[in-house]
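All of the numbers you see were taken from the coordinates with simple rules; none came from a lab. Every value quoted in this text rests on a predicted model; they were computed, and no experiment measured them. FYI the Cβ positions are ideal-geometry reconstructions off the backbone, even for glycines, and counts take in every protein chain you see.
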Amino acid sequence: MKTLVVYTSQTGFTKRYAKWLSDEMKADMYDLKEVQKKDKSFYSEYEIIVYAGWAMASKVVKANWFLKKAAGWKDKKLAIICVGGCPGDAPECEAMMKTVLTEEQNSYIKAFYCQGGFNYDKMNTASKLAMKMFIGSLKKKPDEKSQTMAEMITKGYDISDVKYIQPVVDYLRGENV
Ligand SMILES: Cc1cc2nc3c(=O)[nH]c(=O)nc-3n(C[C@H](O)[C@H](O)[C@H](O)COP(=O)(O)O)c2cc1C
């Protein structure tokens, strides 16, 4: 089935997942900036459309672009992937994932989480500043978990893995749905 993967990525983790998924699905893959101005006919040739965006302040970056369009694509198979810095089994991650789609959107789109990481070298100034403030707030907390987290984020880390793409592939191919 003809598949389109659109992504938004600042430091590369989401692009990596978009590539892993596109290779597996033999999909066409585009940065959102490349397809934003395309008209309806561009999307009409695809039976499966996936949007992958990174997590910022518990929201999927540019998700609204996809969700708005998806309302008119109910005849297609649709998925949204959130790539964030927190481990997939962290409670804050599970809480975030519950807010990605409304109940109505849940009936025709499936949301997935893939863990990414932190890469300071590739972050823009605004992101670096936001993370500095976040690290500062973590350091003020008394618990050990917050201290470890602050240290990890400061150093940067990569917890991405191709295996996190498998549930998406299964869903798109109609297995284990
Ligand atoms: C300003 C900012 C806010 C972030 N907020 C979250 C968040 O709420 N939840 C999360 O899991 N990760 C959060 N992250 C981490 C990113 O989602 C993570 O680094 C992701 O892998 C970036 O993907 P990219 O490499 O495709 O840009 C945040 C990062 C930045 C810079």
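Quick rundown of the values:
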item: Filtered GluC sites (Glu not before Pro), segment 106-177: DSSP coil and at most 10 other beta carbons within 10 Å; result: Glu175
item: For Ala52, residues with placed amide H under 5 Å, excluding near neighbours; result: Val6, Tyr7, Thr8, Ile81
item: Residue-wise HN-Hα coupling along segment 100-111, computed from phi with Karplus coefficients 6.51, -1.76, 1.60 (Hz; x: Gly, Pro); result: 5, 10, 7, 4, 5, 5, 4, 7, 9, 10, 10, 9
item: Total formal charge among the other residues, if their Cβ is under 13 angstrom from that of Gly53, Lys/Arg +1 and Asp/Glu -1; result: +3
item: Point-to-point label distance, Glu24-Arg173, nm (Cα→Cβ direction, 7 Å offset); result: 0.9 nm
item: Cβ-derived FRET efficiency at R0 22 Å, Ala57 paired with Lys155, nearest 0.05; result: 0.55
item: Alpha carbon centroid spacing (whole Å) that separates segment 15-81 from segment 90-129; result: 15 Å
item: Gain on full stretching of the segment that runs from Glu34 to Gln105 - 0.36 nm per residue minus C-alpha separation; result: 23.1 nm
item: Among the listed pairs Lys19/Lys69; Lys26/Lys163; Lys2/Lys68; Lys38/Lys132, those beyond 29 Å (Cα-Cα); result: Lys38/Lys132
item: Residue order, fewest to most surrounding Cβ atoms within 10 angstrom, among Thr8, Thr14, Thr154, Thr102; result: Thr102, Thr154, Thr8, Thr14
item: Kirkwood hydrodynamic radius (C-alpha pairs) into Stokes-Einstein, the chain, 10 °C and 1.306 mPa s, D in µm²/s; result: 94 µm²/s
